[in-house]
1. Relative contact order for chain A using alpha-carbon pairs under 8 Å, separation at least 6, rounded to a whole percent?
2. With a point put 7 Å past each Cα toward its Cβ, work out how far residue B:159 is from residue B:66 in nm, to one decimal.
3. With a 10 Å cut-off between alpha carbons and a GNM built on chain B, which of B:390, B:84, B:349 moves the most?
4. Where the convex hull is taken over the Cα atoms of chain A, what is its projected area averaged over directions, in nm²?
5. Go ahead and run the numbers for FRET between residue A:153 and residue B:73, Cβ-Cβ distance against an R0 of 25 Å, rounding to 0.05.
6. Considering Cα pairs under 8 angstrom that are at least six residues apart, work out the relative contact order of chain B and quote it in whole percent.
7. Sort out for me the Cα centre separation of region B:192-216 from region A:200-264, rounded to whole Å.
8. Roughly how many Å is it from the Cα centre of region A:41-95 to that of region B:88-132, as a whole number?
């Protein structure tokens, strides 16, 4: 949550006082407040709002970094909407990734959290170990490791051969499978939703389960009638955060395809396409337009989640 | 006659007078010459370049140079952002593909005024000087000459008992020999050749052998859908016969030395740039042989041309352009500088430098120098400057080649698709 500054207006001051004096007095009175807010204000205007507005302006220009931006109106947006097969390919790849990785990751995280919730000896150690992939997940080293695991002579194929006698393909370099190796990588980084699920599970009063058990409800029934409904606020939170993260995913695809989004655009994440346009072909204006479209898509998804929340999220009021 | 002085010029004059006074007169200017040099390349190149920078202190003790380097794909975003931020390095390593865009956008300094004064490159030969010219002005100095090259694992061909490709081998013979080598199955998952259907210089060489080109002089596409279709069909045939690696092995090749199927032990032959021979040999255990590219027919031209593997340019806004040019001259026309850089960036363009270097070269270096000397009589002209946006063609070619390789498109459809995409790219610029 961001804390917004509150500006106090001095109500005791007579209304007829000269305006300039009033403003100065108000500033003087609030100066210490602004001073303390300065790091945030400078960061917000200088590093967030300013660049965002410049990027909005650039999205209406052709800009190659070397020459001054050249105003082209909505041409970039028109091109994206009507005449860009790579945009369509990137959207397809990104949506498949979001739709597969977010639910699978949440299910997996919940399953692990429930296992931990039974009170395992040495829980804190296991929790730390299972959280580790999330800390490393965005890193270059893991993506490189993934590339090795799923290569034609990688560990995965070795295990397949030893266990089932199957000769596996080169998973990362085959357009039929490469995206799914990235989905698996994403699921493996289940640590942060798992920790949040675990905290949520701890909040559910145990007497509810006792009561349900006395009434003859089985484990499955208990899960669907008690655990899941009471956990919906946490599920909602995790779903929103993970969806946003999934849309913004970049590093794994960049490393595994070495920035190409290949083979045959099969790992061309939206952000990777944006990066290629900006830093591969120096079409900064076009890339800025792509970025704004991504912002709108994420905003729509988030808004939809919040609107739907009233129908399925139960707050324990 | 009246002289008007702006406030700024008075100020800077005053400052200069002040600094002169502070340093007791004399070359106070030169003492403050701190230059930045940005290049792309491997660690090997960085080691040599830093050594040259160190040695330059003995030539001009008053100039200090800071070197920065990056990999090829990170290099261009970094350079573009620095130039856009008015923070361009004084010395810029340039590529023939980009020099036109940078020069025409005013980012580089014309060097004609320095010729035969502090820049002594007269013995480069006209062609090697002109490769740094844009619209008649000199914007880049040739740092080394290279060309395309075929590299092969000598032991692998010998073990299979098949004669490796040599100058004059036709593509048809290459495909036959390749299939024969792969059929011997000397080790599992090993093939005669990498799949070069998605490698732009390979396609270019093949087109040039038939009197065509990637781009025409007026910036249009220099080949037809049928040409590209034939190219993809030739490789599809080799893929089928096992002469080259399958598509999912080739897809791991990111068009650099480290990931090429030759280096990763999947293929016995690679298609590369001649100056990369040293890098390839460093990463390959068995000895590598060299050859020019296979030919369409015995009578066709070689398709090769001599290209500046890279150039050195001076930023237009450099405050120390004179010092920068002097250092560039040290790298290409001073025996000390030339010897330190060796032939890692390509063969020195200067004849006297090349001759001076020859006795000091090791075996590997000599193979490369000899290769360039051998193909020189048969080379064609440098292709016309690539049109804006041409850099994207290499990506499109790799992708379409993969579509054909994985059987998603027929060679004919691939040819049409490539030309269609290339035309869109060129129209966009």
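1. Working: 314 pairs, mean separation 82.9, N = 317.
Contact order relative to length: 26 percent.
2. Inter-label distance under the simple model: 4.9 nm.
3. With Cα springs under 10 Å in chain B, the top fluctuation among B:390, B:84, B:349 is at B:84.
4. Values: hull surface 105.1 nm².
With every direction weighted equally, the projected area is 26.3 nm².
5. Details: r = 26 Å, r/R0 = 1.03.
Efficiency for this residue pair is about 0.45.
6. Numbers: 743 pairs, mean separation 104.5, N = 429.
Once divided by the residue count of chain B, the mean separation gives 24 percent.
7. Using only Cα atoms to place each centre, the spacing works out to 52 Å.
8. 34
Laboratory data are not the source of any read-out in this text; all were calculated from the coordinates shown. Here the structure is a predicted model, which is why all the values come from computation and not from measurement. Positions of Cβ are generated from backbone atoms using ideal geometry, with glycine treated the same way; all protein chains shown enter the neighbour counts.
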